[in-house]
Amino acid sequence: MGLVWTIIIGFLVGLAARAILPGRQVMGVIMTTLLGIGGSLLAGYAGQFFGYYRLGEPAGIVASVVGALVLLFLWSKLVNK
């Protein structure tokens with residue numbers, strides 16, 4: 001059941017990142033989900049490593065969206081060369 005929640009939260013985080021970042025991002029549902037999962041993992045592990053928050057705190061969701069924004073920005077720079 002944990003994998004299903006990871007996919008759902010990753011999709012929602014990816015959608016939030018795409019809605020916040022200006023411009024047009026051309027990617028499908030799967031790439032949006034992978035971007036959200038990657039951003040969540042990146043921000044989650046980094047934030048916990050540096051002691052900014054613990055697992056399950058609301059700051060983790062905000063950090064996940066920020067991590068997905070960073071990945072989306074890098075993705076758009078790589079794809080739109």
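Readers should treat all values here as calculations from the given coordinates under stated rules, not as data from a laboratory. Predicted, not measured: the structure shown is a model, and the values here were computed from it. As a convention, Cβ positions derive from the backbone with ideal geometry for all residues, glycine included, and neighbour counts pool all protein chains shown.
Between the Cα long axis of helix 2-20 and the first principal axis of the chain there is an angle of about 50°, rounded to the nearest 10. Separation between the residue 73 and residue 26 pseudo-spin-labels, each 7 Å from Cα along Cα→Cβ, expressed in nm? The modelled label-to-label distance comes out at 2.3 nm.
Relative to the longest principal axis of the chain, what angle (0 to 90°, nearest 10) does the C-alpha long axis of helix 29-49 take? Its long axis makes an angle of about 40 degrees.
In terms of its alpha-carbon gyration tensor, the stretch 5-44 comes out prolate; a/c meets the 1.5 threshold, and the first ratio a/b outweighs b/c. Quick one: if the Förster radius is 30 Å, what FRET efficiency do residue 80 and residue 57 give, using the C-beta to C-beta distance and rounding to 0.05? The calculated FRET efficiency here is 0.30. Can you give the angle from 0 to 90° between the axis of helix 59-79 and the longest principal axis of the chain, with both taken from C-alpha atoms, to the nearest 10? Roughly 30 degrees, rounded to the nearest 10. By definition, a body whose alpha carbon gyration tensor gives a ≥ b ≥ c is oblate when a/c is 1.5 or more and a/b is not larger than b/c, and the stretch 1-73 fits this oblate description.
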